[in-house]
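The values are calculated or read from the model by the stated rules, or taken from the named source; none is laboratory data. Just so it is clear, the model here is predicted, and its values are computed rather than measured. Cβ placement follows ideal geometry from the backbone for every residue including glycine, while neighbour counts extend to all protein chains displayed. Side chains included, ligands, DNA and RNA excluded: accessible areas come from the protein's heavy atoms. Shrake-Rupley method; radii C 1.70, N 1.55, O 1.52, S 1.80 Å.
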Amino acid sequence: MLKTFWQYIKQHPVIYGLATFFAIVSSGLTLIPNLIIQRFIDAIVDGALTSENLGIILSIFLISIICIFITDIIWVMTLFGQSYRYQSEMRRKTYKKLLNLRTPFYERFRSGDLMTRMTSDIDYLGDTIGYGFMLIVSNVTWAISILIIMIITTSWKAATVSALPLVLFGYIVYRLWKKIDVLYEDNRDTVAKLSNEVLEMVDGVRVMRAYGKKKLEQTRFEKRTAAVLKKANNLVVYNGAINQIAKLLTGLSTAIGLTYSGYLISQGQMTIGQLIAFQIYLGMLSGAIWGLSDIVLVYQQGNVSFRKIDELLQAEDQLEKNGEETIDAINDIQFNQYMFQYPTNETTTLKQIEFELKRGETLGIVGKTGSGKTTLIRQLLRQYPVSETGTIKINGRFIQEYDMEKLEGLIGYVPQEHILFSKTVGHNIRFGNRHADEIEMAEAIESANFTTDISHMADGLETLIGEKGVSISGGQKQRVSIARALIRKPDLLILDDSLSAVDAKTERAIIDNIRTIRQDKTNIIVTHRLSAVAEADKVLIIDDGAIAEQGSPQELLRSKGWYYTQYMTQQMEVKEDDNI
Ligand code: ADP
C-alpha cells in the first residue's frame, strides 16, 4: 500500500509539497507561544517584566496564534480536498473494471462484498491517504520539533529521560500490529457478509413473507449482527488498549520528566520558567504520541481496504484476452463439434454442438429445462472463455478473434431474467439505442406488442417502473426488454426464453412482428412453446447438452421424434384452453 500511495503522492507533488510545507510551518509556529510563556515567567521571576515588553510579548503571542490558525487551515484543506479526489478517482477506476469483467468474475464475488469494496473500502483508502498522511506529517514533525526545542531551550537530560517510555510504546505497537490487521480484515468481511444478507432480504422479502419465514429470517439476521458485534468488540478492545497504553506511557513520561526536572532545579541546572515550559512541551508531546497511536489504526484499516480494492483491480475473468478483429455484420455463424464445460462443473454441459446459421435465418432452440440451451447462447455472448474443444466461427473466423465490444454491438440479447433500471419505461426502451427517433421508438414498442399497455399507463412512456421493474407485470417487463432489443436493430437478435410470461397468442404476434421487420437479419429464439418456432428456418432440439434432433419444423414433425410428441401435446393443451 505504501508504495502505491507514494506513487500517487509523487504524481501530485504540488499538493502534497504544500501540505507538508504548511504542516511543518504550523508545527514550528506552535512552539512560539510556549517559548513566549517561558520568557514571560522567567521575566516575572527575575522582576524584569515591564509594561513595554509585556505589550511586545502579548502581540507576538497573538500574531503567532493567528498564523498557526491560517497555516493549519491551508494544509488541512489541501490535504483533505486531495483525499476526496483520490476516492473519486478510485471509484471511477473500480467501476470501470467492474463494467469490463464478465460472468466468471461475478460468480466469485457476491454483491454485498462488491458494495463494501466500492463504498467503505474506498472511503478508508481516502482516509489513509488524507487523515493518515496528516497524522504522520503533523505528529512526526511536531514530536521532532518539540523534542528539539525541549533539548535546546530546557534540558537535554530531562528530555532524553522523558522520551524513554515512548520507545517502549513503539515496541508495544510493533507487537500488536499484525493482530490488529487480522482483526480488521475479520471485522470488514463480517460486515460485507451482513450487507449481502440485507441485499438478499430486500430482493426476496416477498417470498420470505409468502413462505412465513419472517421470524426465521429475523433470528438468522440477529445471529449475523451478533457476529458483527463480537468482531467489532474485539477490535474495540485492541484499539482501546493501544490508546490506553499511549496514555499510560505518556503519563509515565511526564512523571519521570517532572521528577528529574525537580532534581535539576535543586541543582541549579534549570530555571522555573524552563520547568513550566518543559511541562507544557511534555503535554504537547503526549498529544503527538496519541496522534501517532491513531496512525496504527488508520494504517491497518487502510491496508485491509487496500488489499480488497487491489484484489478487485487485479481480478481476471480469463476473458480479457480480447481479439482485435473488427466486425460490421454477422453473416454466418458456425458451431463445429463444440464442447463446453463450466469452470465449476465436473461434467461437460455442451457436447459436439454442430450447426450453421446464415444471415436472414431464424433458429429455434428447444429442449428440456437444464438441457443446455442458455449455455449455448452464452457462448455467442462470450460470457465464458471459449472452449478449446471444437470451434465457433462467425463469418468464417474464430469468435475469439473479434473485438468483444464490436461483436456485442451487433447483438440484441433478451435474457430470461429481465434486467430493468429503476427509471421510466421510455428510458428502459431507449437504453437499446439512445439515438432512436420517435418513429423508431413507436415501431419497437408496436413490434413488442406493448402499445396498448403504454396507453393504459397513467404517465405513458414516462411511467416509473420502480426498482427492477417492480411496478409492472412480468409479461410487461418481458416486452419492455424485447422493445429495448428491437430498437437497436441488431444483426443478431437472441430471445432466451424471454416470452414465458406472455400468453401464447401474444407470443405468436410478437414472433410474427419480428419475422416481418427482421427479414434480412438473424434471430435465435429459445423457447418452451413450439408454436413460437413453427415458422423458424431451423430448430435444434437439445437434450443433455447435445443436439438430439435438428431440421426445419416440418422435417422434425415428419421424423416423429421428441419434437413431434411435444408438438402434439402442446397442440392438445391449446385446444383444451380454447374450450374452457
Ligand atoms: P437450459 O437453458 O436448457 O434450461 P442451462 O444452459 O441453463 O439449461 O443449464 C445447463 C446445465 O448447466 C444445467 O445442468 C445447469 O445446472 C448448468 N449450469 C448453468 N449455469 C451454470 C453455471 N454458471 N455454472 C455451472 N453450471 C451451470
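Based on the Cβ-Cβ distance of Ile439 and Asp189, what FRET efficiency does E = 1/(1 + (r/R0)^6) give at R0 = 60 Å, to the nearest 0.05?
It comes to 0.70.
For a bin width of 10 Å, list the pair-distance distribution of segment 332-579 built from all Cα-Cα distances, rounded to whole %.
Going out from 0 Å in 10 Å bins, segment 332-579 shows 7, 30, 34, 22, 6, 0 percent.
Sorted by accessible area (1.4 Å probe), largest first, how do Thr452, Thr349 line up?
Listed by decreasing accessible area, they come as Thr452, Thr349.
At a probe size of 1.4 Å, how large is the accessible area of Trp290, to the nearest 10 Å²?
110 Å²
Which of Ala548, Thr565, Ala532 sits farthest toward the positive end of the charge dipole of segment 479-580, with +1 on the Cβ of Lys and Arg and -1 on the Cβ of Asp and Glu?
Ala532
Calculated FRET efficiency, Lys505 and Phe355, Cβ-Cβ r, R0 41 Å, to nearest 0.05?
Once rounded, the FRET efficiency stands at 0.85.
Based on the Kirkwood radius over alpha-carbon pairs, what is the Stokes-Einstein translational diffusion coefficient of the chain at 20 °C with 1.002 mPa s viscosity, in µm²/s?
Rounded to a whole number, D works out at 71 µm²/s.
Quick one: Kirkwood hydrodynamic radius for segment 293-351, alpha-carbon pairs, angstrom, one decimal?
The Cα-based Kirkwood calculation yields 16.8 Å.
Where in segment 239-256 is the amide nitrogen less than 16 Å from a point lying 7 Å along the Cα-to-Cβ axis of Leu164?
Residues passing the 16 Å test: 249-256.
Under a point spin-label approximation (7 Å from Cα along Cα-to-Cβ), what is the Asp512-Lys393 distance to one decimal in nm?
My value for the distance between the label points is 3.9 nm.
What is the sum of charges, Lys and Arg at +1 and Asp and Glu at -1, for the other residues whose Cβ falls under 10 Å from the Cβ of Ile511?
Charge balance near Ile511 sits at 0.
Can you compute the modelled spin-label distance between Asp544 and Ala241, with each label point 7 Å from Cα toward Cβ, in nm?
Output for this residue pair reads 6.0 nm.
Find how many whole Å separate the alpha carbon centroid of segment 233-264 from the alpha carbon centroid of segment 141-178.
First find each Cα centre; the distance between them is then 12 Å.
What whole number of Å gives the distance from the Cα centroid of segment 88-136 to the Cα centroid of segment 439-462?
Between the Cα centre of segment 439-462 and that of segment 88-136, the gap is 39 Å.
Measuring from label point to label point, each 7 Å out along Cα→Cβ, what is the Gln279 to Lys3 span in nm?
With each label point 7 Å from Cα toward Cβ, the separation is 5.1 nm.
Contour minus end-to-end for Leu35 and Ile148, with contour as 0.36 nm per residue of separation and end-to-end as the Cα-Cα distance?
Once the chain is fully extended between Leu35 and Ile148, it gains 39.4 nm.
Give, as a single signed number, the net charge of other residues whose beta carbon lies under 10 Å from the beta carbon of Val304, with Lys and Arg counted +1 and Asp and Glu -1.
-2
Could you compute the net charge surrounding Leu410? Neighbours are other residues with a C-beta less than 9 Å from the C-beta of Leu410; K and R count +1, D and E count -1.
Overall, the nearby charge balance is -2.
Under a Cβ-only charge scheme (Lys and Arg +1, Asp and Glu -1), can you give me the dipole magnitude of the chain about the Cα centre, in debye to the nearest 20?
Once rounded to the nearest 20, the dipole reads 1580 debye.
Give me the number: length gained by fully extending Asn345 to Ser266, i.e. 0.36 nm times residue separation minus the C-alpha to C-alpha distance, one decimal in nm.
Contour length minus the Cα-Cα distance gives 20.1 nm.
As an exercise, use a Förster radius of 35 Å and the Cβ-Cβ distance of Lys157 and Asn233 to find the FRET efficiency, rounded to the nearest 0.05.
0.20
Please name which of Thr153, Ala485, Ile56 has its Cα lying farthest along the dipole of the chain towards the positive end, using unit charges on Cβ (Lys, Arg +1; Asp, Glu -1) and the Cα centre as origin.
Final value for the positive-end residue is Thr153.
Note the full-extension length gain between Gln400 and Ser559 as 0.36 nm times their separation in residues minus their Cα-Cα distance, in nm to one decimal.
Taking Gln400 through Ser559 to full extension adds about 53.6 nm, to one decimal.
For the chain, find the longest principal axis of its Cα atoms and tell me its angle to the long axis of helix 156-210, 0 to 90°, nearest 10.
Its long axis makes an angle of about 20 degrees.
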